[in-house]
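The values are calculated or read from the model by the stated rules, or taken from the named source; none is laboratory data. On a predicted model such as this, the values are computed, not experimentally measured, just so you know. Don't worry about glycine lacking a Cβ; one is built from the backbone with ideal geometry, like all the others, and counts go over all protein chains shown. Protein only, heavy atoms only, side chains kept; ligands, DNA and RNA dropped before computing areas. Shrake-Rupley method; radii C 1.70, N 1.55, O 1.52, S 1.80 Å.
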Amino acid sequence: MKLNKYFVIDFDSTFTKVEAFDVLADISLQDHPEREERKKKIIEITNQGMDGSISFRESLEKRLNLLAPSQHHLPALITKLKGSVSESFKRNKEFFQQYSDNIYIISNGFREFIEPIVTEFGIKAENILANEFRFDTEGKVVGFDTENPLSANGGKVEQLKKLNLPGDIYVIGDGYTDYEIKHAGLANKFFAFTENVERENVKSKADHITPSLDEFLYLNKLNTAISYPKNRINVLLLENVHPVAVELLRAEGFNVETYHAAMTEEELIQKIKNVSVLGIRSKTQVTAKVLEHANRLMVIGAFCIGTNQIDLKEATKKGIAVFNAPFSNTRSVVELAVAEMIILMRNIVDKSNKMHKGVWDKSAKGSFEVRGKKLGLIGYGNIGTQLSVIAESLGMKVLYYDTEEKLSLGNAVKCKTMTEVLEQADVISLHVDGRKANANLIGPKEFSLMKKGVIFINLSRGHVVDIQALRENILSGKVAGCAIDVFPYEPVSNDEEFMSELRGLPNTILSPHIGGSTLEAQENIGNFVPGKMMDYINTGSTSNSVNFPNLTLPILKDAHRLIHIHNNVPGILAKINQLLADHGINIVGQYLKTNESVGYVITDINKQYDKDVIAKLRAIENTIKFRVLY
Ligand SMILES: NC(=O)c1ccc[n+]([C@@H]2O[C@H](COP(=O)([O-])OP(=O)(O)OC[C@H]3O[C@@H](n4cnc5c(N)ncnc54)[C@H](O)[C@@H]3O)[C@@H](O)[C@H]2O)c1
């Protein structure tokens, strides 16, 4: 295709995710005794080159001296770089093939490793402008072609001047030298590429910030591989969500912005306007006021278990689906409960405390095995059931009480009332949810029903237990040991002192709400929530959504998918179908589910639709949100 535009693309940290010299250092200095010092020095010199305290050529000479590369290092370097091509470049290989006459790679890197990478994408060798090594007879790099303008400051500008390209020039890169081309008046536009690195001084100079090549192609109306403009979807991830989530969402082609902390209501209101996908943990409050400004928001991911921080009612009203990670840390809580049960049964806490004071108290008094003991579970949900299975494998007998009808796993015995559990169990572990009605679920009366010497564990929610009553029952010896991880009031930060009537009590394990806090759980959450959000965006699937009717949908094949969210009033489905029939559109699949406030209809059609029908579908009364998947 003939095009009157030229695309000038940078190599390091743009075409590839990495800086080639960093990779080269790992290879050429692999067994070098000064490896670490040299790598540090190389970084220093690079920075000096960038801030102008030494010339680019001097920095190049010095770095090559330290790297001491040879021809035989190149194959390994090339293999590594081939594996490090930026995700959005890999996705859009077609673009490079289609516009190969118009694409130039201009880099201060070296042709010897750039050419093998970029020509695989269809870029022409003659369109690569880069430095070239000089080797000695043994293949050692002894320098570079100093005649080449790219080995000196302002090299990219010089090279481009020489090319004298007859059309508009668009530059895309991550560095200041890429911006300089525009600054010198040689390029029409500069696109700061932020998929791999973000530099504030470069971003501030850009005509457009392009978090991926998809965005660049979209802006220039050149997108070929992806018809659905995912790059238009802005994702905002707050509170340092796990890097695996950032990676997954970027790999999907979304524009991802991250922020290390929670945002205040005011900050979030400012930010939310352009956001389609919001990811938070437990601290960010997504209030009705925030949602009022969230006009593009499609989905919220809570990278945690609880969703109290989100105004779910308002989100539902606005057609925003909410997902969380309901069982990503289940196993972590269960393991802690098992450990605490055993530790408490053996009276280890007191024994350990005494040892620290120099007291050697060797006796079996008050120490028991858990095998054969009765474990009473209050709440038989995700955590309760998992603990039930593991406790049985330790030889315990499990009794449980749940307000809902639950399937008993293994040999666990279901009890009709909580009293039945309280009266029989040797160990009582609470795993109920945090609903308001569960406040003081365990108080003086419930403690009075328990067996003397019971072990009591609460890793669920703080308000579920009357702490004063627990204290009295520990001091009286009715409760022989307890482990408490959650409290009616918990310090808001690590700087605040933890105040509780439980401090200093015998055989009492206190932990700062870390039942689910393991690195594995964090990573599970980081994987789980993006999966749900991407499924929702890509297929409309709402399985596991906290506030939407749950629909699991097949992958779309040779059809268009119309996604319609509406207030749950009668007759909407009929209206949709009538409209489609009036336009002669055949339905190949349809799915409907409602909850008390919204209805969710998915309609797959196999015919090209026109704008008119979309406008009419959108205009159906009580429609909250409507979108089309291709
Ligand atoms: N300590 C931590 O770090 C940590 C980590 C994860 C979860 N949790 C908490 O653990 C608790 C359980 O989590 P889950 O994932 O198993 O939740 P879940 O929703 O799967 O299970 C809760 C179960 O409790 C039952 N229930 C509610 N009220 C009850 C009552 N009064 N009597 C009997 N049963 C009742 C429900 O029917 C449900 O089956 C929650 O409160 C959760 O917030 C704490």
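Considering only residues of segment 461-480 that are open to solvent by less than 50 Å² (accessible area, probe 1.4 Å) and charged (D, E, K, R), which is farthest from THR403 (Cα to Cα)?
So the residue we want is LYS478.
Just checking, does segment 103-124 include any residue being touching a helix residue (DSSP H, G or I) at 6+ places or on another chain (Cβ under 9 Å), outside any helix (DSSP H, G or I) and among the charged types (D, E, K, R)?
There is at least one residue in segment 103-124 that is touching a helix residue (DSSP H, G or I) at 6+ places or on another chain (Cβ under 9 Å), outside any helix (DSSP H, G or I) and among the charged types (D, E, K, R).
Go through (1) assigned to a helix (DSSP H, G or I); (2) open to solvent by 30 Å² or more (accessible area, probe 1.4 Å); (3) in contact (Cβ under 8 Å) with a residue 12 or more places away in the chain for ILE42 and report which single condition fails.
Only one criterion in (1) assigned to a helix (DSSP H, G or I); (2) open to solvent by 30 Å² or more (accessible area, probe 1.4 Å); (3) in contact (Cβ under 8 Å) with a residue 12 or more places away in the chain is unmet by ILE42, namely (2).
If I ask for residues that are more than 27 Å from LYS436 (Cβ to Cβ) and either of a type in the set (D, E, K, R) or in a loop (DSSP other than H, G, I, E, B) (or both), which ones from segment 464-502 would you list?
Within segment 464-502, SER476, GLY477, LYS478, ASN494, ASP495, GLU497 qualify.
Scan segment 551-561 and give yes if some residue there is out of contact with any Gly (no Cβ under 6 Å at 6 or more places or on another chain), under 21 Å from ILE310 (Cα atoms) and surrounded by 16 or more Cβ atoms within 10 Å (Cβ to Cβ), otherwise no.
Checking segment 551-561: not a single residue is out of contact with any Gly (no Cβ under 6 Å at 6 or more places or on another chain), under 21 Å from ILE310 (Cα atoms) and surrounded by 16 or more Cβ atoms within 10 Å (Cβ to Cβ).
Please work out which residue is least open to solvent (accessible area, probe 1.4 Å), limiting yourself to segment 163-183 and to residues that are in a helix (DSSP H, G or I) and closer than 18 Å to GLU19 by Cβ.
ASP178
Looking at (1) at pLDDT below 95; (2) within 16 Å of the ligand (Cβ to nearest atom), find the lone condition where SER276 falls short.
Going through the list (1) at pLDDT below 95; (2) within 16 Å of the ligand (Cβ to nearest atom), SER276 breaks only (2).
Just to check your reading of the model, which residue among SER545, SER597 is open to solvent by 50 Å² or more (accessible area, probe 1.4 Å), under 15 Å from GLY319 (Cα atoms), in contact (Cβ under 8 Å) with a residue 60 or more places away in the chain and hydroxyl-bearing (Ser, Thr, Tyr)?
Selected residue: SER597, the only one of SER545, SER597 that is open to solvent by 50 Å² or more (accessible area, probe 1.4 Å), under 15 Å from GLY319 (Cα atoms), in contact (Cβ under 8 Å) with a residue 60 or more places away in the chain and hydroxyl-bearing (Ser, Thr, Tyr).
Quick one: is LEU186 hydrophobic (A, V, I, L, M, F, W, C), open to solvent by 20 Å² or more (accessible area, probe 1.4 Å), over 26 Å from the mean Cα position of the chain (by Cα) and modelled with pLDDT under 95?
It is true that LEU186 is hydrophobic (A, V, I, L, M, F, W, C), open to solvent by 20 Å² or more (accessible area, probe 1.4 Å), over 26 Å from the mean Cα position of the chain (by Cα) and modelled with pLDDT under 95.
Counting just the residues of segment 457-493 that are farther than 14 Å from THR508 by Cβ and among the charged types (D, E, K, R), which one comes out modelled with the highest pLDDT?
Among residues in segment 457-493 that are farther than 14 Å from THR508 by Cβ and among the charged types (D, E, K, R), the one modelled with the highest pLDDT is ASP466.
Kindly list, by first and then second residue, each pair from a residue in segment 65-87 that is at negative phi to a residue that is among the hydroxyl-bearing types (Ser, Thr, Tyr) and open to solvent by 90 Å² or more (accessible area, probe 1.4 Å), limited to pairs with Cβ atoms under 6 Å and residues at least 6 apart or on different chains.
The qualifying pairs do not exist here.
Could you please find all residues in segment 120-135 being within 37 Å of the chain's Cα centre (by Cα) and either open to solvent by less than 50 Å² (accessible area, probe 1.4 Å) or at pLDDT below 95 (or both)?
Once the filter is applied, which keeps residues that are within 37 Å of the chain's Cα centre (by Cα) and either open to solvent by less than 50 Å² (accessible area, probe 1.4 Å) or at pLDDT below 95 (or both), segment 120-135 yields PHE121, GLY122, ILE123, ILE128, ALA130.
Is it the case that some residue within segment 148-162 is part of a loop (DSSP other than H, G, I, E, B), in contact (Cβ under 8 Å) with a residue 60 or more places away in the chain and open to solvent by 10 Å² or more (accessible area, probe 1.4 Å)?
yes
Given GLU138, GLU195, which one is buried (at least 20 other Cβ atoms within 10 Å of the Cβ) and in a loop (DSSP other than H, G, I, E, B)?
GLU195
Take the residues of segment 511-525 that are more than 10 Å from the ligand (Cβ to nearest atom) and surrounded by fewer than 16 Cβ atoms within 10 Å (Cβ to Cβ): which is nearest to the chain's Cα centre (by Cα)?
It comes out as GLU523.
Quick one: which of SER55, SER59 is among the small types (Gly, Ala, Ser) and open to solvent by less than 20 Å² (accessible area, probe 1.4 Å)?
That would be SER59, the only listed residue that is among the small types (Gly, Ala, Ser) and open to solvent by less than 20 Å² (accessible area, probe 1.4 Å).
So the check is Cβ under 7 Å with 6+ separation or different chains; which pairs have a first residue in segment 468-479 that's under 11 Å from GLY443 (Cα atoms) and a second one that's among the aromatic types (Phe, Trp, Tyr) and assigned to a helix (DSSP H, G or I)?
If the second residue must be among the aromatic types (Phe, Trp, Tyr) and assigned to a helix (DSSP H, G or I), the pairs left are ALA469/PHE447; ASN473/PHE447.
Out of (1) touching a residue at least 60 places away in the same chain (Cβ under 8 Å); (2) among the hydrophobic types (A, V, I, L, M, F, W, C); (3) buried (at least 20 other Cβ atoms within 10 Å of the Cβ), the odd one out for ILE572 is which?
(1)
Can you tell me how many residues in segment 75-90 are assigned to a helix (DSSP H, G or I) and crowded, with 20+ Cβ neighbours inside 10 Å?
Within segment 75-90, residues that are assigned to a helix (DSSP H, G or I) and crowded, with 20+ Cβ neighbours inside 10 Å number 4.
Condition first: within 16 Å of the ligand (Cβ to nearest atom) and either more than 20 Å from GLY526 (Cα to Cα) or of a type in the set (Phe, Trp, Tyr) (or both). Now tell me which residues in segment 283-333 satisfy that.
Matches in segment 283-333: PHE303, LEU312, PHE323, PHE327.
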